[in-house]
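We did not get these values from a lab; they are worked out from the coordinates using the rules stated. From a predicted model like this one, the values you see are computed outputs, not experimental measurements. Reconstructed Cβ throughout: ideal geometry from the backbone, glycine too, with neighbour counts over all protein chains shown.
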Amino acid sequence: MEKLAEVILIPSPAMGHVAQMLELAKLFLSRNPQLSITVLIMKLPDYIDAVSGPFVDSVAASSSSGRLRFFELTAADPTPEWSSKTRGHFVYRLVQSQKSHIREFLISQRPGNNKLAGFVVDMLCTPLMDVAGEFGIPIYVLFTSPAAFLGLMLHFQFLEDECCQDVSNFNNSDSSSLLSFPSYACPIPPTVLPMVLVDRDTWLGRFLDFARGYRKAKGIIINTFAELEIHALDAYNNNNNMSRSEQEPLPLIYPIGPILNQSKSRSESEEAETTNWLDEQPLNSVVLICFGSQGSLQAEQVKEIAIALENIGCRFLWSLRRPPQSNNAQFPGEYTTYSEILPQGFLGRTEKKGKVVGWVPQLKVLSHEAIGGFVSHCGWNSILESIWFGVPIATWPLHSEQQVNAFQLVKEVGVAVEITLDYCERNKDQPMITAEAIKKGIMKLMETNSPVRDKAKEMKEKSRGSIMEGGSSYLSLGKLIDELLNNAAL
């Protein structure tokens, strides 16, 4: 039997990251029959996240084939310290704990009949690059955020390591000032700089090391497409054209998106309740409100959304999830009853026009012709899904890099309107977003004839063209696969 070129993929354990890595595996397999994929799975404990584990089990059971296999790494043994800070810190410690298990896999449990072509780690799993380096395996990073944010991380890392600059000082800049960074076309206010970069503990504890890891990779695979991030990708390539005495060259980048999560995380019957309701709604009439698998809001903020929706009188589908209850690292869960969180009588007064649910099949919902707008946390997966279906966005970031994503969508790309750009759930002094501000944003979002809606339709066509034969992402993926095959031939 002819030997295949084997690529080992390691996703971060959160559901959105696993889904993107799985879709990357499918892309590889569909484009070239000489590739074989092994996905190494790390699982979060159920008490941290009750959703991602069953999702991984279901996709592994339904997707395994001769050229795609899943290998579940030994379960971690968390200490209380892992849960002492944030979800991100817990995941980081879990990833670090898997180094020995991955080393063991490469030594004794990996089949020896295929040639190793590459080792692809999630952008939050760079500590595992050291293990691949020990075995001389070419290393790649899957960057599941926008290219603009990659540029910002690398710029901050350069300032920290090469210029001895404390980048957290950007957080203390005059809030009315604007800051210029190479990967953003528009100067940005310091209030939208992500907490993961300007919070000193988070930056030094995790994200500075992530950025250092990106520079060591042979290539960076980005879930974006050239037409969406023209400025950021040009800035990256221009950096590589600089004099080598000014800065070391960056890894090659491969923008191959949009990569969308096509895997089901619920059964058809569970999806049907939502989609059947949408089937009964008029064209472009429903606003989807969803803050992602890791997003939730406190009780008083939830009530402001409810007041706004009732005042507008628009049709809505609202994914409402309960904030973590027991520790800092826990993911959001589901409410047993929505009456405990919503204003008294809200469900009854809005039952003809609205529907409140816990989880939603977001990709399927965004594809529905009844959806006319999306109030989003601006996670990159959600943004790409919305762009793919031409649905305009109203921005409400919560954490990670979402604030600067929201800014990019409103000020640079033009597919979004603003509810807020700088909301941050970790900010202890975070002001409430009022019902009036929410109402204003949703009404602007749902306007039938607007530049934002027109731009969303334009980007929809460009996103689809990018992955067609001859499109920018299609060609970039081809170059990546050629490199992987060349690695295996060496």
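Taking the mean number of other Cβ atoms within 10 Å as a proxy for protection, how do you rank 380-391, 438-449, 464-475 from highest to lowest? Kindly include the intermediate steps, with their values, before the conclusion.
Numbers: 380-391: 23.6, 438-449: 17.8, 464-475: 16.2.
Ranked by mean Cβ neighbours within 10 Å, highest first: 380-391, 438-449, 464-475.
Viscosity 0.692 mPa s, temperature 37 °C: what is the translational diffusion coefficient of segment 269-463 from Stokes-Einstein with a Kirkwood Rh over Cα pairs, rounded to a whole number of µm²/s? Walk me through the numbers before you get to the answer.
Working: Rh = 16.7 Å.
It comes out at roughly 196 µm²/s.
Cα-Cα over 26 Å: which of 303/444; 26/455; 115/462?
Working: 303/444 21 Å; 26/455 30 Å; 115/462 36 Å.
Listed pairs above 26 Å: 26/455; 115/462.
Quick check: residue separation of residue 447 and residue 178 times 0.36 nm, minus the Cα distance between them. What number comes out in nm?
On the way: separation 269, 0.36 × 269 = 96.84 nm, distance 2.99 nm.
In short, 93.9 nm is gained.
Within the set 411/439; 85/216; 43/460; 352/439; 364/460, which residue pairs have Cα atoms separated by over 26 Å? Walk me through the intermediate numbers first.
On the way: 411/439 21 Å; 85/216 28 Å; 43/460 34 Å; 352/439 19 Å; 364/460 16 Å.
Check vs 26 Å cut-off fails for 85/216; 43/460.
Which loop-located chymotrypsin sites (Phe, Trp or Tyr not before Pro) does segment 110-180 contain, where loop means any DSSP state but H, G, I, E or B and the Cβ has at most 16 other Cβ atoms within 10 Å? Numbers along the way, then the final one.
Working: sites: 119, 135, 140, 143, 149, 156, 158, 170; in loops: 135.
Passing both the DSSP loop test and the Cβ count: 135.
For residue 4, list long-range residues whose amide hydrogen, built 1.01 Å from N in the peptide plane, is under 5 Å from its own amide hydrogen.
Under 5 Å from the amide H of residue 4: 115.
Have a look at 207, 413, 17 and report the one farthest towards the positive end of the charge dipole of the chain, computed about the Cα centre with Cβ charges (Lys/Arg +1, Asp/Glu -1).
Checked the options; the winner is 17.
Can you find, among 88, 359, 339, the residue sitting farthest towards the positive end of the charge dipole of the chain, where Lys and Arg contribute +1 and Asp and Glu -1 at Cβ?
Going by the charge dipole, the pick is 359.
Can you tell me the order of 224-233, 125-134 when each peptide is scored by its average per-residue count of other Cβ atoms within 10 angstrom, highest first?
Numbers: 224-233: 23.1, 125-134: 19.5.
Highest-to-lowest ranking by the protection proxy: 224-233, 125-134.
Of the beta bridges DSSP finds with both residues in the chain, what % are antiparallel, to the nearest 5?
On the way: 2 of 49 bridges.
Approximately 5 percent, going by the DSSP bridge assignments.
Which order, highest average first, do 68-74, 301-307 follow once you tally other Cβ atoms within 10 Å for each residue and take the mean per peptide?
Numbers: 68-74: 16.4, 301-307: 19.7.
Output ranking for 68-74, 301-307: 301-307, 68-74.
Note down the magnitude of the dipole of the chain about its Cα centre, charges +1 on Lys and Arg C-beta and -1 on Asp and Glu C-beta and zero elsewhere, to the nearest 20 debye.
Details: 44 positive and 54 negative charges, 122 e Å.
For the chain, the charge dipole is close to 580 debye.
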